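Notes to accompany the following structure.
The values are calculated or read from the model by the stated rules, or taken from the named source; none is laboratory data. Everything numeric in this text was worked out from a predicted model, so none of it was measured. Using ideal geometry, Cβ is built from the backbone for each residue, glycine included, and neighbour counts are taken over all protein chains shown. Surface areas here come from the heavy atoms of the whole protein model, side chains and all, with no ligands, DNA or RNA. Shrake-Rupley method; radii C 1.70, N 1.55, O 1.52, S 1.80 Å.
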Amino acid sequence: MKILVINCGSSSLKYQLIDMNNESVLTKGLVERIGIDGAKLEQKTPGKEKYIVETEMKDHKKAIELVFTALTDEKFGAVKSLDEIGAIGHRVVHGGEKITESTLVDEEVKSIIEDCFVFAPLHNPANLLGIKACEEIAPGKPNVAVFDTAFHQTMPASNYMYAIPYEYYEKYGLRKYGFHGTSHNFITNRMAEILKKEKSEINIVTLHLGNGSSLAAIKSGKCYDTTMGLTTLEGLVMGTRSGDLDATVVTFLQEKENLSPAEINNILNKKSGVLGVSQLSSDFRDLENAANEGNKQAQLALDMFVGRVKKYLGAYMAQLGRVDAIVFTGGIGENSKTMRADIVAGMEELGLVLDIKKNDMRGEEALISTDESKIKIYVVPTNEELMIARDTLRFL
Ligand code: ADP
């Protein structure tokens, strides 16, 4: 069985075709600048040359048409005909409160995705366009929606409610939802295998650290708390997002700088985080290099990132009581030995003892704590596409 996984952004589209017999990637591609001049599709099939198409793509439907053509291309493609593809799994960012797990797309699911546009204005509309385009171009093929928020729906109300008048929760659904759920779920499943326990027996903290970052406290295999909130802005200091703030900062800036809600949102989501503090870059490689050369603002940005992660890690250890392991994943978690070391530094008395030698690696699954460490420390590369494909397969 072959599953196509599609992740639609506002002007981009990533895809992978996965053979579920052995979970291997048959081909993967990226479409950029949809609806903008200079649109381009790039596909790489193992053992074949890169396939590049540069042509006008006025919308997501055109982009998906080109994806299907690329997949079946005689020279560069991975399948002879679309009939070989059993189903399509779509990443959808926000599913609100009604969606608690991956689901086969029908009219109701599409209207739920639409209801959540307000909370994910950049992602949900694009996700829905992708689904509708697939329905039109490949009618009859099952489409499954896999939501970033679904895994977090097990949080207790005491963790997901905001302490504002209750009526706003009732009226608008204002609450914490959490994101990166597909990644936290993938890591939780893998950790149950690694620890050789039932999923329901494990207590772990998952640290998904990338451009966007979030931690999750996993209690008995289910999400108990997570750092992102109503939107992806809350929690950790991220590449370009501020994370937690005194909400008064928002109203103060709006007043002083005469900013509209859209403008302040743009500042907090796109111009803040380590980019805003360092005034240099949102990329941790640039910041680590600059800090090593003595750039104080870059060092401050990194220190703030580490400090916030440490604060939540400690909080989640307290919430869980017993922790079997903490797990680093995401671009930074998988690749930066410096960030990993700084995050757990000084936590030996709390049960986290890093093995400096084992930590000296990147991009692979590894146990990086010492034998004495009460709580194990792992690096586990995440694979959201595979998780989406696995969830999609369940519906066939
Ligand atoms: P996204 O959230 O877009 O999926 P990723 O999880 O791919 O992002 O993470 C991307 C980030 O990972 C980059 O911005 C960079 O800061 C960081 N990163 C990647 N490789 C390294 C490395 N070797 N050292 C430090 N940071 C790295």
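Candidates G140, G77, G95, G86: the one that is at positive phi and either open to solvent by 30 Å² or more (accessible area, probe 1.4 Å) or outside any helix (DSSP H, G or I) (or both) is G140. Taking the criterion of being open to solvent by 10 Å² or more (accessible area, probe 1.4 Å), more than 7 Å from the ligand (Cβ to nearest atom) and either under 22 Å from the mean Cα position of the chain (by Cα) or of a type in the set (A, V, I, L, M, F, W, C) (or both), the residues of the range 321-345 that qualify are V323, E334, K337, T338, A341, A345. Only one of the numbered conditions (1) of a type outside the set (K, R); (2) within 30 Å of L275 (Cα to Cα); (3) away from the ligand (no atom under 16 Å from the Cβ) is violated by N143, and that is (2). Would you check if T251 is hydroxyl-bearing (S, T, Y), more than 14 Å from the ligand (Cβ to nearest atom), open to solvent by 10 Å² or more (accessible area, probe 1.4 Å) and not in a loop (DSSP other than H, G, I, E, B)? Spelling it out, T251 is indeed hydroxyl-bearing (S, T, Y), more than 14 Å from the ligand (Cβ to nearest atom), open to solvent by 10 Å² or more (accessible area, probe 1.4 Å) and not in a loop (DSSP other than H, G, I, E, B). Restricting the range 193-202 to residues that are in contact with a helix residue (DSSP H, G or I) (Cβ under 7 Å, 6 or more places away or on another chain) and open to solvent by 10 Å² or more (accessible area, probe 1.4 Å), which is farthest from the ligand (Cβ to nearest atom)? The selected residue is E198.
Annotation note: Cβ proximity below 7 Å between a residue of the range 340-351 that is touching a residue at least 40 places away in the same chain (Cβ under 8 Å) and a residue that is among the aliphatic types (A, V, I, L, M) (sequence gap 6+ or interchain) occurs for D342/V306; I343/V306; I343/V309; I343/L313. For the range 105-127, filtered to residues that are assigned to a loop (DSSP other than H, G, I, E, B) and surrounded by fewer than 17 Cβ atoms within 10 Å (Cβ to Cβ), the residue that is farthest from the chain's Cα centre (by Cα) is D106.
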